[in-house]
Amino acid sequence: MLEVFPLPVLLQERAAEQVGCKAQPDSPSAPQPAVSLEQDMFPKHFMTAARISRRASLQCCRPRFVVQTASKCQKAIQTAKGYAELPSAAERGRWVAEKEQLTEERLDIEGHPVMQRWETPYMGKLAEVATRNGGRVVEVGFGMAISAKAVQSYPIEEHIILEANRDVFKRLEDFAKGATSKVTPMGPELWQTSIKRIPDNSVDGILYDTYPLNKEEQHTHQFDFLREARRILKPGGIMTYCNLTSLGVLRHEYASWDELFEATQKPHLLAAGYHADELLVEAFPVEPPKDCEYYSHDTAMVPIIRKRGNASRHSSHSLGGRRSFSSWHQQQSPWRGQRSFGTEVNHAAAQHKMRPKADGRKLNAWTQWGELKECVVGVADNACFPPVQPAMIPEINDPVLRKVLGEWPRGRKSQRCVDAANEELDNLVNVLEGEGVKTLRPEVMDWSQPLKTPFFSVENQYVACCVRDTIITVGKTAIEATMSRRDRYFEILAVRQILRDLWREDPEMLWKAAPKPSMADDMYNLSWWDWTEKDRYEHMHKYQYCITNEEPLFDAADITRCGKDIFVQPSMTCNYAGIEWLRRELAPQGIRVHSAHFPYDLAPSHIDCTFVVLGPRLVLTNPERPIAARDAAFWKENGWDFVDCGQPDNPERPAFSQSSKWLSMNIFVIGPSKVIVEEQEKGLQELLKHRCGFETVIPVPFRNVFEYGGSLHCSTWDTCREDDMVDLFPKQRDDDPALFEQHLS
């Protein structure tokens, strides 16, 4: 006789959609159809170890039925069913009033084995995971207080414990009175009620361990909670869970915990809103007694879930492409400014905790070439097509596709495209960490949300892939850009937690946000897109683009750093008012701000595909966009050399890319003799080695990221380099914009 535990039909459909195949349940006689991710999802040239790992992970994630034989079930559950018999919501409420039977060795409720003393080391491990961030920790299920005591052994600010059973809750109240750290009991009531009173993004760690209340939820009740828990967990927060009565049964069916996790846990977690790279599973040794009713294995599973946000991603382990979080807790700032439930804030304590740590991280980047120590790498999650707007009239590059679609697409980009870009972004993270660079990732946000202000509205936002556009490090100052496109108005929020943590840890860091523009219609030349090519040339020779000078505007990628001097390109994304704002803000720090002009660029946007500073007194230049003669003279007077970049080896652009073929130049210098280049640009790689003096040129696949507005340099924000405020322009000049208005006449 077989017992079958099917996954939900909706989950099957979602999992199948991720790999582009029709959902079909497994059965012994009907093998699953093979899925060619290499053909359908990724370009043929991208075949790295990280990709193979992720591919295996996706294939394991296909929906399946978990099939149990009665004999194997009997081995795991000898005398108990492993769940209470309270099928309806009303009946679940009875659990609150059921009587406990507590001894030194075990806790039973109405005859059900809820917890036993042998679990102590295992509960200690779960507690260690949940407290890695310190701060406020939520524990669901007090039981015998085993895990609660373990949580209290770590330095935390508040311990919030949810308990349903009335008898157990009474012991919880007594426990709270003598606890080392503050305990906030919530109950006696089911967690479904208590969790509603916990604010969004207010918790640093979570440990979930409750008893299943009916057969239907024996294997899945933890996922109902985890779906709700994502709301209350802070970005970078960590959680773990336990369901031994389920795992005791399921473990017999799989060769390893990794295989079990992929087949029976991960699909539910993905359906609950989690991401594959947020998940990790470990095995922990346990010694259940031979007469244990619900568990008979010598190891137990420790799930580790890290919500994306301010924490960094680390290199892939061998667990189906999931990432290791074992050292993340060492990188978290313990201070959080959330208010405790029903209590007054201790302002003196909060102020003390806000003081920077003497040995904390540092914000520092004066040049484009200093040894890179830390950077942020973007993510493509939840990417949307940029809407038509005054700063951008997007076009489909592929004429056949343009004819088929008829107009520019709207809403979310396909998951297949997002996954392909994320694969290459994750690979870049692995490469950087292999070179000793610490990496951080933006918080994942829902960019499909519409945006409306008193002056404009857009139907959706964009993506947090090109972090270089939104923020720049200039010396010891982080500067948030104004941005120039309406759909990118709030894009900076994806890295705000990283900024907050840096600011708390580095006492020398300055944090400036440029004035937020209105982006009203008078900020744009609304007729610019209707001009003929001749008209555009005439206007652009006066550096007049689709934006006006009504308000300061700049994208951070319009800036390049050379120590004491920075250079800013007036363009379709940066105006002279923006350059003047930067000049006034940075002058007190001794930083000189200059404009840089490229008169032959018909649609200039960002300097890092036109004029790429490689090192002291060396620049890679775009042969089709030479710098203005007066600018060139200034650089050469100060001893700088220009090297023209060759034509791209692969000039083709993705159908929805709004960038030019010169993304080939969008390289990422990570040290005085080390640079990362898109793998297909063989000619550029040779140029950098033999003419520019780079000892190490690292090729990486990155063409799937092009659709999101940039390449390697665009997708990164360097937060820390080993460099100083060098003066490489001792001969200065007047930077009056009026001198450039008729420079071609």
Label point 7 Å beyond Cα of Trp408 along Cβ direction - residues of the stretch 437-456 with amide nitrogen under 16 Å: 451
- request: Give the long-range amide H neighbours of Ile471: residues separated by 5 or more places, or on another chain, with amide H under 5 Å away, using H modelled in the peptide plane at 1.01 Å from N.
  value: Ala481, Ala556
- prompt: Simple spin-label model, 7 Å along Cα-to-Cβ: Asp521 to Gln192 in nm?
  reply: 5.1 nm
- prompt: Mind checking which aspartates and glutamates have their C-alpha under 15 Å from Lys534, skipping anything on the same chain fewer than 8 residues away?
  reply: Asp601
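In what sequence, highest mean first, do 494-506, 288-300 appear when ranked by Cβ atoms within 10 angstrom?
Highest mean packing first, the order is 494-506, 288-300.
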Cβ-Cβ FRET estimate between Ala655 and Trp118, R0 fixed at 41 Å, reported to 0.05: 0.10
Within straight-line cross-link reach of Lys731, aspartates and glutamates at Cα separation under 19 Å, skipping those fewer than 8 residues along the same chain: Asp565, Asp631, Glu637, Asp641
message: Sort 709-718, 367-376, 96-105, 427-436 by the packing proxy (mean of other Cβ within 10 Å over each peptide's residues), most packed first.
response: 709-718, 367-376, 427-436, 96-105
message: Through the Karplus equation 6.51 cos²θ - 1.76 cosθ + 1.60, θ set to phi - 60°, convert the phi angles of the stretch 469-484 into ³J(HN,Hα) values in whole Hz; use x for Gly and Pro.
response: 6, 8, 7, 9, 9, 10, x, 10, 10, 9, 10, 7, 6, 6, 6, 10
task: Return the distance in nm (one decimal) between the two label points of a simple spin-label model at Glu637 and Gln389, each offset 7 Å from Cα along Cα→Cβ.
output: 3.9 nm
field: Proximal lysine pairs, the stretch 366-492, alpha carbons under 27 Å, eight or more residues apart or interchain
entry: 5
message: Can you compute 3J(HN,Hα) from phi for each residue in the stretch 680-691, using the Karplus curve 6.51 cos²θ - 1.76 cosθ + 1.60 with θ = phi - 60°, rounded to whole Hz and x for Gly and Pro?
response: 7, 8, 5, x, 5, 4, 5, 4, 5, 6, 9, 10
task: Starting from the amide H of Val140, placed 1.01 Å from N in the peptide plane, find each other amide H under 5 Å away whose residue is 5 or more places distant or on another chain.
output: Leu162, Leu207, Tyr208, Asp209
Segments 606-616, 131-141 sorted - mean Cβ within 10 Å per residue, highest first: 131-141, 606-616
task: Specify the inter-centroid distance of the stretch 222-254 and the stretch 474-518, based on alpha-carbon positions, in whole Å.
output: 35 Å
- request: Take the cross-link list Lys234/Lys516; Lys266/Lys682; Lys362/Lys689; Lys542/Lys682; Lys542/Lys689; Lys149/Lys234 and give me the ones stretching past 28 Å between alpha-carbons.
  value: Lys266/Lys682; Lys362/Lys689; Lys542/Lys682; Lys542/Lys689
- prompt: Taking 0.36 nm per intervening residue step and subtracting the Cα-Cα distance, what contour gain separates Gln101 from Phe455 on full extension?
  reply: 121.0 nm
field: Segment Glu259-Phe284, extension gain: residue separation times 0.36 nm, minus the distance between their alpha carbons
entry: 7.4 nm
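Any read-out appearing in this document is the output of simple, stated calculations on the displayed coordinates, not a laboratory observation. Keep in mind that what you see is a predicted model, and the values were worked out from it rather than measured. Because the Cβ atoms are built from the backbone with ideal geometry, glycine has one as well, and the counts that use them run over all protein chains shown.
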